[in-house]
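Worksheet: the structure to be examined is printed underneath.
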Amino acid sequence: CLMIRRPPRSTLFPYTTLFRSGKTAFLFPGQGSQYPGMLGDVAMAFDEVRHEMDRGDELLCDRLERPLGRYIYPPSTFKADEEKAASQALAQTEIAQPAVGAASLGMLRILNALGVQPDLVAGHSYGEYVALCAAGALGADDMIRISHRRGVLINAASRNVRGAMAAVEADEQLLEEKLDGIEGITLVNFNSPSQTVIAGTEEAVAAALAHLKKQDIAGRRLD
């Protein structure tokens, strides 16, 4: 993106002919897709992305210790511990969700500028909120505020009992059978016919993963 001059806006719209052969669906990602520097090159080339990052900074300026954009684009570092600290800071639920929301809106605005409008929208987990915004059911400002508030409430709910999630390479029916008798586990995300996410207390999820490993069912704890 840095090496390509953006064409005049009037030349963008003819590319919509590429998308006329069928319906177009946008699927927005959930928490966990964030990383420091995400969309950095794109943000430098497209006003649409910068506008959405600025929106997050403005709306959450009195709710975060530093601007949202400083979590997404922290100062450059060459030390592993500092890189890890930047990733952990961005991974905080009340930071990660509005950050993913702002980035997703930025990409949505670019596609809209290209004349690409979705016939269908959907979201994976947190991404459902961005999908509601893309569908016109939720304003962009409200979406960012709700994203932050949702993260705050999730943290408050887990303050006394730490929760955990894990992605398991098995379908819903098999997991219900294999986890029968394991207390405190809920099947929460049905990602695909071969992957299901489980949730519960840290102890319950650890016990479930150990139990599944003995039965040659792979799973991994999610950050």
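Shape summary of the range 64-106, radius of gyration then Dmax from alpha carbon positions: 10.6, 31 Å. Taking a quarter of the surface of the Cα convex hull of the range 47-131 gives a mean projected area of 6.5 nm².
Could you work out the relative contact order of the range 144-199? I mean the mean sequence separation of Cα pairs under 8 Å and 6+ apart, divided by the number of residues, in percent.
Result for the range 144-199 is 37 percent.
Report the antiparallel proportion of the DSSP beta bridges in the chain as a percent, rounded to a multiple of 5. For the chain, the DSSP antiparallel bridge percentage is about 80. Considered as an equivalent ellipsoid built on the Cα gyration tensor, the chain has semi-axes of 34, 23, 16 Å, the largest given first.
With all protein chains in place and a 1.4 Å probe, the accessible surface of the range 128-223 carries 48 percent carbon and sulfur. Excluding ligands, DNA and RNA, the accessible surface per residue across the chain is 60 Å² with a 1.4 Å probe.
Between A137 and D216, the simple spin-label model (points 7 angstrom out along Cα→Cβ) gives 4.3 nm. Taking D180, D62, D54 as the candidate residues, the one with maximal mean-square fluctuation in a Gaussian network model of the chain, Cα springs under 10 Å, is D180.
Within 12 Å, Cβ to Cβ, of D57, how many net charges do the neighbouring residues add up to if Lys/Arg are +1 and Asp/Glu are -1? Here the count lands on +1. When all protein chains stay in place, what accessible area (Å², nearest 10, 1.4 Å probe) is found for Y35? Here the residue's solvent-accessible area equals roughly 120 Å². Each Lys and Arg adds +1 at its Cβ and each Asp and Glu adds -1 at its Cβ; summed about the Cα centre, the range 97-202 shows a dipole of about 680 debye.
Note on the chain: GNM, Cα springs under 10 Å; of R150, R63, R159, the largest mean-square fluctuation is that of R159. Loop-located GluC sites (Glu not before Pro) in the range 37-99 (DSSP state not H, G, I, E or B) with no more than 13 neighbouring Cβ atoms inside 10 Å: E65. Across the range 70-169, Cα pairs under 8 Å and at least six residues apart give a relative contact order of 30 percent. Helices that extend 24 Å or more along their long axis by alpha-carbon positions and average at least -1.0 on the Kyte-Doolittle scale are, among the DSSP H runs of the chain, 93-113, 140-157. Kirkwood radius and radius of gyration were both taken over the C-alpha atoms of the range 140-202, and their ratio Rg/Rh is 1.10. As a length-normalised measure over Cα pairs under 8 Å and 6 or more apart, the relative contact order of the chain settles at 21 percent.
Remark: accessible surface ordering of V130, V161, V42 (largest first) is V161, V42, V130, probe radius 1.4 Å.
The values are calculated or read from the model by the stated rules, or taken from the named source; none is laboratory data. Small disclaimer: the values here were computed from a predicted structure and weren't measured. Neighbour counts are summed over all protein chains in view; Cβ atoms, including those assigned to glycine, are modelled from backbone coordinates with ideal geometry. Side chains included, ligands, DNA and RNA excluded: accessible areas come from the protein's heavy atoms. Shrake-Rupley method; radii C 1.70, N 1.55, O 1.52, S 1.80 Å.
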